[in-house]
Amino acid sequence: MAQVEKFHYDNAIVRNFAYATMIWGLVGMLVGLIIALQLIFPQLNLGIAEVSYGRLRPLHTNAVIFAFVGNGIFTGVYYSLQRLLKARMFSKVLSNFHFWGWQAIIVAAALTLPLGLTSLHEYAELEWPIDLAIALVWIGFGINMFGTILKRRENHLYVAIWFYIATWVTVTVLHVGNNLELPVSAFKSYPVFAGVQDALIQWWYGHNAVAFFLTTPYLGLMYYFLPKAANRPVYSYKLSIIHFWALIFIYIWAGPHHLLYTSLPDWAQSLGTVFSVMLIAPSWGGMLNGLLTLRGAWDRVRQDPILKFMVVAVTAYGMSTFEGPMLSLKSVNAISHFTDWTIGHVHIGALGWNGFLTFGMLYWLIPRLFSTKLYSEKLANTHFWIGTLGIMFYAIPLYWAGWTQSLMWKEFTPDGFLKYGNFLETVTQILPMYAMRVVGGTYIWPEISLWYTIWSRRSAPARSLATKQPKRLHWLARMACTKANTGTAGWKEGLFKCFYLRP
């Protein structure tokens, strides 16, 4: 008789990254709320440089992108990769090195950015020693991922893994290319590029950090977790393959649309615009593939908070990937350039696409990691509606503010002078919109706290062994219950069952 091969998945690393996602989500969005308040009440910086808007803004973006979303990516990748390949991770040592190394990098960013130690490149503000650490940890992650692929028990590579591979390869190239710098001290360096070349390299990196860190890995997670949550196969596997190849070929060329109306040569600006408009096809193909996966399951969306989160996430992906190409058109960019419209657009993607898919993934994942049930679907639905309202209260005022800024900046007197030559006049007009954004931010931050509450109340593995107890049980009855349970399970588990388990 053939011997059955046994192996176990490494869920400990998945749980660690899930914990980190929760913690850094709280931190990153709290910092975002603080700087949103500072735009209305500048005195909130208390006259301290380290907590001023200019220092905290890069801390907020790095915390949300690389700490919250980054740990969310690794949570989903480490869970899905093992199951898609039917193999345990290649190296537990590398898994732990990846986890602790990534958290150390985030802590280093949280310490250096408020101190003003920055390279001044957006989304790449960290100085050269931290850049080297990122490269080292990222290579460790890649070795672990490719090693697992090589020792897999499943011959077929599902499309989600293709997105993971593209993410690793492209982020490696982007990080190295944009961080070619000459160190001049322990925490100061200068880029090897200068002027318009530096701007072009920066936005080749900046836009594709969005493409290959905030988009492609999340598309891989969508192709794994959405069919799982809906209990239905992906609508079209052929479309997912077309989506993959079209997206990774087109996306990498779209960066110059960040430099419209600058000294970048016009042909390069036009190239970025053309590829940006072309992006609508694969992006919407992926969105429709995700939404059509729910065919026959839409009746469940009304009750299931996990599917609600995922539907809004995929819809937000479609909205932001339509809006982005439109903003790359010079006629539209003439309105949006340098305005808060761009900020609203970015947050539709970050909060709607990345945030909501992360929440949906974790609501599906956590009960399975801890062999239990979700503590309260009602609270999860409350989380969903609070978060949705928060995104709307956040983004809509910024669109409004963007149009206000653009119209005021282009208003001329009959004599040909700027009607609002004082920049403060524009700022004064958009303060009510900033106040509304704070309202949206206060909705968004408590929803993270609520998610933490839902998770933490039901995370102990032993609770899945619960037997129903009366809601109000006298302590003598509880002691008798404990005594009755000690014979089979031991006094500690008997005590736990009778005193702490929720009915």
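The values are calculated or read from the model by the stated rules, or taken from the named source; none is laboratory data. Everything numeric here is computed off the predicted structure, so don't read it as measured data. Using ideal geometry, Cβ is built from the backbone for each residue, glycine included, and neighbour counts are taken over all protein chains shown. For the accessible areas, the whole protein counts, side chains as well, though only heavy atoms, and no ligand, DNA or RNA atoms are used. Shrake-Rupley method; radii C 1.70, N 1.55, O 1.52, S 1.80 Å.
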Point to revise | Globularity index of the stretch 192-280, i.e. its alpha-carbon radius of gyration over 2.2 N^0.38 Å | key: 1.35
Exercise for review: Distance between Cα centroids, the stretch 25-76 to the stretch 127-143: provide it in whole Å.
Suggested key: 23
Exercise for review: Determine the gain in length on full extension of the stretch Glu411-Lys151; use 0.36 nm per residue of separation and subtract their C-alpha separation, reporting nm with one decimal.
Suggested key: 87.2 nm
Point to revise | Spatial separation of Cα centroids for the stretch 383-442 and the stretch 309-357, in angstrom | key: 16
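For the ranges 134-143, 294-303, what's the packing order if you count other beta-carbon atoms within 10 Å of each residue, average per peptide, and put the highest first?
134-143, 294-303
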Review point. In the chain, carbon and sulfur make up what percent of the accessible area (probe 1.4 Å)?
Key: 69
Revision key, fill the gap. A student asked for the Cα radius of gyration and Dmax of the stretch 238-310 in angstrom ought to give 17.3, 53
Practice item. Please list the non-local residues whose amide H lies under 5 Å from the amide H of Glu181, H modeled 1.01 Å from N, same-chain partners needing a gap of 5 or more. Key: Val192
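Quick one: of Lys188/Lys330; Lys6/Lys92; Lys86/Lys238; Lys308/Lys373, which pairs are farther than 29 Å apart, Cα to Cα?
Correct reply: Lys188/Lys330.
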Check your understanding: Which of the helices in the chain, when you take each full DSSP H run, stretch at least 24 Å along the axis at their Cα atoms and have an average Kyte-Doolittle score of -1.0 or higher?
Key -> 11-40, 92-112, 128-150, 159-178, 195-213, 305-327, 377-409, 423-456
Study note, to complete from the structure: Per residue, the convex hull enclosing the alpha carbons of the stretch 319-443 has a volume in Å³ of 106
Check your understanding: In 10 Å bins starting at 0, how do the alpha-carbon pair distances of the stretch 1-155 split up by percent?
Key -> 11, 34, 27, 16, 8, 3, 1, 0
Review point. How much space per residue, in cubic angstrom, does the convex hull of the C-alpha atoms of the stretch 310-372 take up?
Key: 67
Exercise for review: Give the cross-link partners of Lys410 among the aspartates and glutamates, using a straight C-alpha distance below 14 Å as the criterion and excluding same-chain residues fewer than 8 apart.
Suggested key: Glu425
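The stretch 87-213: percent of C-alpha pairs farther apart than 24 Å?
Value for the stretch 87-213: 36 percent of Cα pairs lie more than 24 Å apart.
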Check your understanding: Of all trypsin sites (Lys or Arg not before Pro) in the stretch 1-103, which ones are in loop regions per DSSP and have a Cβ with at most 13 other Cβ atoms within 10 Å?
Key -> Lys6, Lys86
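Could you size up the charge dipole of the chain around its Cα centre, putting +1 on the beta carbon of Lys and Arg and -1 on that of Asp and Glu, and report it in debye to the nearest 20?
In total the dipole reaches around 3100 debye.
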Point to revise | List Phe356, Phe393, ordered by accessible area with a 1.4 Å probe, largest first | key: Phe393, Phe356
Review point. Given the convex hull over the Cα atoms of the chain, what projected area results after averaging over all orientations, in nm²?
Key: 29.9
Practice item. Determine Rg/Rh for the stretch 240-389; Rg is computed over alpha-carbon atoms and Rh is the Kirkwood hydrodynamic estimate from the same atoms. Key: 1.07
Review point. For labels at Lys378 and Val4 in the simple 7 Å Cα→Cβ model, what's the distance in nm?
Key: 4.2
